[in-house]
Structure formats: structure tokens, C-alpha cells
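Before any comments, here is the structure.
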Amino acid sequence: ALDWAGNFTEARRNHARAVEAARKLGHKFLYLNALNSTGSSYHRSGEYSKALACFKRCIRENQPIDSVQQSWFLTNIAATYRDLRRYDSATATYAVLLRYGRYLAPIDSAYAFADLAMLSARTGKAPLALRYSQQALTIVPRLTGGLTIAHVYEATSEAHQAARNWPVALRYYQNFISMRDSILHQEERQRLEGMRMVYENEKQKTDLALAQQREVAQRRSNRLLWLG
């Protein structure tokens, strides 16, 4: 909620507490999940180098390898490399990720193929971009997540732009814009809900502090009356 509300400083404190609590409990799954969430928080705020450090730490500490979690971490590393414009590193990471294909949910596979299409288009490999975008599109009917579908449409548009198929590129770009606007509206609702939750949390803290102050004042008053 704090991340969605844009309160990254307080969110990081809570992520750090979650990481430490899971570490003390010796619960590896929760520990790595909390560390991965920390990386996602940095990625959301555009601090890609810090995000990458968290995701790579997840990879190092995921021993023995939990294949499902490994696929999550690799996806996040590849996406971070993409946003850092380190396209070769992103492509190489996706190649490793696809070795875990049987563990990938449709939403993760679609996202990976869409990213590969986008990376291929940006590095001048139009035929490869078209092939990857087609693989992503075949998964779309099985998806419910609007964010991933929008990403597939955007990548497909880029692939067709690289191949100079302008009418097709325009059609998929329009689909992307329509889906993106819907997502932005949903994200705004989530952000407002996050702000509401933060407000309610702070209000509870304030109400508790006031109640404690009133209780102390009442005890002091009762003591004075007793002394009188």
C-alpha cells in the first residue's frame, strides 16, 4: 500500500523489517519473497541499480534452487536490464529464464516473449521480433492480467514497426493505448486506496497515542484527588 501511495521511504522500512523477520524465523521462501518485494519497490521508483542488486541477491541465496521462485527473480532481472537499456544482458537473462519454461505461468511466459520481441525490435532484428510477438499473442486468450496484455500489444506494435508493417503496428498500438488507459485508471484507484490505508494507519496511531495521554492524565488526576 505504501509503495502504491508513493511513500517509498516508509515502504522500504517495512520491507527491511519483513526481510529481517523472515531471516530470524529461518523461513527461506518468505525471506526471498520479502527481498524480491524490496527490489520491486526500487524498480517502481526507478532506482534500477538498487533493484538489480536485490534481485541478484535473491538468485545467489536461492540455494538449493526453488525453480518457481528462480523464474520470478530472473524475470525481474531481465526487466530491469531492459529498463537500464542493457539489451544484450536482458536477452541473455530471458534465455536462462526460458529453461524454466515448465514452471512459468501463462502470464510470465507472455511477458517474457513480449519483452524478447521488444528487445529484438530495438536491436534491429525484425524477423525475430515478429516471431516472439506471435508467441506472446498466442498466450493472450489465456490471460486475465491487463498489464501483461497491454505489454504484449505494445511489443507487437514495436515488432511490426521494426518490420515496417505500419497498418498492423498502428492497430496494435491503438490496442495498447486503450488497455493502458484502463490500467492507469485502475492504478489510480489502487494509489488512492493505498493513501487511504496509510491515512487510516496513521489515524489509528494518533488515536492510540491520544487515548494513552488521556489515560495518563486521568491517573494523575485521580492520584491528586486521592492525595487531597
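The values are calculated or read from the model by the stated rules, or taken from the named source; none is laboratory data. None of the values given here were measured: they were computed from a predicted structure. Every residue, glycine as well, gets a Cβ built from its backbone with ideal geometry; the counts of neighbours run over all protein chains shown. We work out accessible area using only protein heavy atoms, side chains counted, and drop any ligands, DNA or RNA first. Shrake-Rupley method; radii C 1.70, N 1.55, O 1.52, S 1.80 Å.
The figures follow:
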| item | result |
| --- | --- |
| R0 of 22 Å, Cβ-Cβ distance Thr123-Asn165: FRET efficiency to nearest 0.05 | 0.75 |
| Contact order relative to length of segment 1-86, as percent, for alpha carbon pairs under 8 angstrom and 6 or more apart | 22 |
| Of Gln70, Gln161, Gln204, the one that fluctuates the most in a GNM where the chain has Cα springs shorter than 10 Å | Gln204 |
| The chain: angle of helix 8-25 to the longest principal axis, Cα-based, in degrees nearest 10 | 90 |
| Probe 1.4 Å, protein heavy atoms only - accessible area per residue of the chain in square angstrom | 59 |
| Percentage relative contact order, segment 9-146, counting C-alpha pairs under 8 Å, at least six apart | 15 |
| Residue-span extension gain [Gln174 to Ala105] - 0.36 nm each, minus C-alpha spacing | 22.2 nm |
| Value of Rg/Rh across segment 73-147 [Cα atoms, Kirkwood radius] | 0.95 |
| Pair-distance profile P(r), taking every C-alpha pair of the chain, with 10 angstrom steps and integer % | 8, 24, 29, 19, 9, 5, 4, 2, 1, 0 |
| Top of Tyr100, Tyr132, Tyr153 by mean-square fluctuation, Gaussian network on the chain, Cα under 10 Å | Tyr100 |
| Degrees separating the helix 126-139 axis from the principal Cα axis of the chain, which is the longest one | 60 |
| Carbon + sulfur, % of accessible area of the chain - ligands and nucleic acids excluded, 1.4 Å | 54 |
| Positive-end residue, the chain charge dipole about Cα centroid, Cβ charges, pick of Gln212, Gly101, Tyr132 | Gln212 |
| Top positive-direction residue, dipole computed over the chain with Cβ charges, set Met118, Ile149, Ala90 | Ala90 |
| Value of [θ]222 nm, deg cm²/dmol, for the chain, DSSP H segments ≥ 4, -39500 (n - 2.57) each, nearest 500 | -28500 deg cm²/dmol |
| Per-pair calculated FRET efficiency, R0 = 45 Å: Lys28 and Gln204 via Cβ, rounded to 0.05 | 0.90 |
| Longest DSSP-loop-exposure-free segment, trypsin sites (Lys or Arg not before Pro), the chain, at most 12 other Cβ within 10 Å | 1-84 |
